[in-house]
Each structure stands twice: as C-alpha cells, then as structure tokens.
Amino acid sequence: MKTIPLKGTVFSGKREGSKFIELLWVKKQITGKLGFTPYAGTLNIRLAQEDRPKLKKALKKAKPIKIVPADGYYSGRCFKAFLMDNLECFIVVPEVADYPEDIVEIIAPANLREKLRLEDGGAVVFKVLI
C-alpha cells in the first residue's frame with residue numbers, strides 16, 4: 001500500500017470531537033471497526049495550503065471505514081494514517097455540510113498531544129494510507 005505525506009499545524013478545536021467520541025455508539029463502532037478504544041478527543045491539524053488538494057485526492061482513493069450515525073447525528077468516515085514517527089492513527093472526516101477542507105481531525109488510543117509533546121502552532125507531518 002502507498003502513503004501520501006502531508007503537513008500541517010496543531011491547533012485547539014472547539015472540543016466537539018471529544019463530545020462525539022464519548023458517545024457510546026461512536027466509541028463502540030470505533031473499537032469494533034478500528035480495533036482500539038479511542039482517547040476522548042481528537043488532535044486538530046490545520047492542513048498546509050499546498051497539501052489541501054493532495055489530501056482531497058488521497059481521500060478519494062483511500063478506503064473509508066464508515067461510522068454509522070444514531071438518529072439525529074451525522075456519519076463520519078475514518079481513514080488509516082500515520083502521524084510523525086509512524087504512529088498509527090485514523091483521520092476522521094465528519095460528513096457535515098461545509099466542513100472545512102483545511103481541518104484534519106485525528107483519533108488514536110492515546111492522547112496524541114501528550115504522547116508527542118505537541119503544542120498549538122507546532123508543525124506535524126502525517127501520511128494517509130491509500
């Protein structure tokens with residue numbers, strides 16, 4: 001399999017990702033479909049301007065793992081990725097109208113900010129598996 005390298009900058013989100021991941025039906029599907037219990041939050045990355053078309057193209061080629069919503073919620077697609085030194089993770093793309101193309105949310109079994117000592121404004125590199 002091939003990977004597409006991308007880069008961006010860490011930033012603090014609105015804490016909506018953590019609320020979503022804490023929902024029982026979401027946590028159950030992530031555990032069952034992705035093979036791990038997710039940390040209660042996402043790592044937010046603002047994608048570098050020049051990498052936005054690359055991510056869009058990569059996600060069209062990659063095979064998504066779908067998170068099926070409960071009534072009143074939106075679905076999401078997960079894509080296998082590797083962060084920094086090949087730390088396995090998943091990109092989550094909420095299927096919400098007008099979701100910003102420059103934002104990437106990453107989930108993993110651990111708090112990625114702590115594990116990798118990341119701070120707002122810090123540069124990160126990641127690879128999407130296609």
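A few remarks follow.
- The chain shape via C-alpha gyration tensor axes, a/c threshold 1.5: rounded
- When the alpha carbon gyration tensor of the stretch 37-92 is reduced to an equivalent ellipsoid, its three semi-axes come out at 21, 16, 12 angstrom, largest first.
- 18 Å Cα-Cα threshold exceeded, pairs from Lys19/Lys56; Lys14/Lys61; Lys63/Lys115; Lys28/Lys66; Lys19/Lys127: Lys19/Lys56; Lys14/Lys61; Lys63/Lys115; Lys19/Lys127
- In the stretch 1-37, the chymotrypsin sites (Phe, Trp or Tyr not before Pro) that fall in loop regions by DSSP, at most 15 other Cβ within 10 Å: Phe11, Phe36
- Dipole size of the stretch 3-129 about its Cα centre, with +1 on Lys/Arg Cβ and -1 on Asp/Glu Cβ: approximately 460 debye, rounded to the nearest 20.
- From largest to smallest, the equivalent ellipsoid semi-axes obtained for the stretch 76-130 from the alpha-carbon gyration tensor read 20, 14, 10 Å.
- The residues neighbouring Glu16, those whose beta-carbon lies less than 12 Å from its own, together hold a net charge of +1 under the Lys/Arg +1, Asp/Glu -1 convention.
Taken together, the values in this text are just the output of simple stated rules run on the coordinates, not laboratory data. Everything numeric in this text was worked out from a predicted model, so none of it was measured. Positions of Cβ are backbone-derived with ideal geometry, glycine not excepted, and every protein chain shown enters the neighbour counts.
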